[in-house]
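**Q** Could you have a look at this structure, given as structure tokens, before my questions?
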Amino acid sequence: MPEVKTLKVVYGADCLWWDTIDKVAINKSDPPCCPHCGSVLCEVESIEKWWEGADAYEKGNQPGYRKFLEWSRGKCFKTFDEAWAAYSRW
């Protein structure tokens with residue numbers, strides 16, 4: 001059976017954009033960045049680890065956080081409050 005390669009999840013250091021690493025913007029002189037605002041990215045080794053962290057955060061801090069993240073995938077917001085407000089109107 002062929003090995004399935006799991007893509008890393010990347011997320012903005014200065015924005016709330018997140019997605020798999022194949023969705024990043026790449027410039028010739030810059031590291032991979034948010035395709036919307038150009039924010040530098042951080043990474044998590046897999047989507048499974050991403051959701052583990054999201055679920056843990058939801059339990060201790062923010063009810064509805066996972067559904068918020070599912071909705072926000074691929075969207076760029078400058079602040080959590082801005083993103084949460086847009087999600088709440090959705």
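**Q** Quick one: which of Glu43, Glu58, Glu82 is touching a strand residue (DSSP E or B) at 6+ places or on another chain (Cβ under 9 Å) and surrounded by 11 or more Cβ atoms within 10 Å (Cβ to Cβ)?
**A** Working: Glu58 fails: touching a strand residue (DSSP E or B) at 6+ places or on another chain (Cβ under 9 Å); Glu82 fails: touching a strand residue (DSSP E or B) at 6+ places or on another chain (Cβ under 9 Å).
Only one candidate qualifies: Glu43.
**Q** Take Lys23 and tell me if it is within 12 Å of the chain's Cα centre (by Cα), among the basic types (Lys, Arg) and surrounded by 13 or more Cβ atoms within 10 Å (Cβ to Cβ). Can you show your working first?
**A** Details: within 12 Å of the chain's Cα centre (by Cα): yes; among the basic types (Lys, Arg): yes; surrounded by 13 or more Cβ atoms within 10 Å (Cβ to Cβ): yes.
Criteria met by Lys23.
Each reported figure results from applying straightforward, stated rules to the coordinates on display, with no laboratory input. None of these values were measured; they are calculated from a predicted model. Using ideal geometry, Cβ is built from the backbone for each residue, glycine included, and neighbour counts are taken over all protein chains shown.
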